[in-house]
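The values are calculated or read from the model by the stated rules, or taken from the named source; none is laboratory data. Because the structure is predicted, anything quoted here is derived from the model rather than measured. Neighbour counts run over all protein chains shown; Cβ positions are idealised from the backbone, glycine included.
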């Protein structure tokens, strides 16, 4: 059984004494949206999880934990903040394993079905080509800047690190959140599959990392709240994985209206519903990212695993669920908690 004392500093970022820490100076541009107080804003803290490959060190920058080799350096982060958006640009953001690929495909299919904008007549290469991963070290900000509008962009950064233009109402961001329990389970399976992490721990080990906040883009609560507090902005659409599961058609209408392409006709809606169903996406090499397995980046297994809500019940004890409730969900307001309920 898992037991975590809320008074123990292991449940806050940077407080797990079982991991070796190294503080390094890394001054970064910040703004008032970043409310994290640990670690200090002018430092980055790294650690090596003994259950991951030696190359897979995590680094905490401005309160967010990222894979060290992928974290954008100061120059890249500043370039993202200064990125010039157009009013038609669409950023899809989420905490990892929350439905990012699903929402990317929904946006792509709505635009493609309407045969408008930059996707008209283009041969599709991959979803990763359609949506450059803004902060990834293999992406060039200048190349993304040169793309024609509407530019489609993916990110896992918290709201405070996104382009400043968004705060001026320029560009649009769609954020998808998912129940913390299911994110925790999905991250575990993903970490076992992704060779760069090659995670050797069991689910309880992974669960404790999730609770501590020392996970990719963690802590989960901070990430979700960074967007939720801007939910009233006209250029931010906040949706949940659970809403997509319960009534995907209603969410598709909201997305289409938000990006200026609604309402969808019956034929258009049916086409997008079909293309964004889990089975179709799992059989689609572009959305299931078969190239990752071919390139040897993934172990055996699919990028898209189950596509269901509530699978956490097959992995977590009632005690684990109580810890998630106290650590991750209690800080959320009741409206958001209800929207994330399974």
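So, residue 267, is that one modelled with pLDDT of 95 or more and surrounded by fewer than 18 Cβ atoms within 10 Å (Cβ to Cβ) or not? It is false that residue 267 is modelled with pLDDT of 95 or more and surrounded by fewer than 18 Cβ atoms within 10 Å (Cβ to Cβ).
Is it true that some residue in the range 190-209 is touching a residue at least 24 places away in the same chain (Cβ under 8 Å), under 14 Å from residue 95 (Cβ atoms) and buried (at least 24 other Cβ atoms within 10 Å of the Cβ)? No. The single condition among (1) modelled with pLDDT under 95; (2) part of a helix (DSSP H, G or I); (3) farther than 19 Å from residue 101 by Cβ that residue 250 does not meet is (1). For the range 204-216, the candidate set comprises residues that are at pLDDT below 90 and touching a helix residue (DSSP H, G or I) at 6+ places or on another chain (Cβ under 6 Å); within that set, the residue that is nearest to residue 59 (Cα to Cα) is 215.
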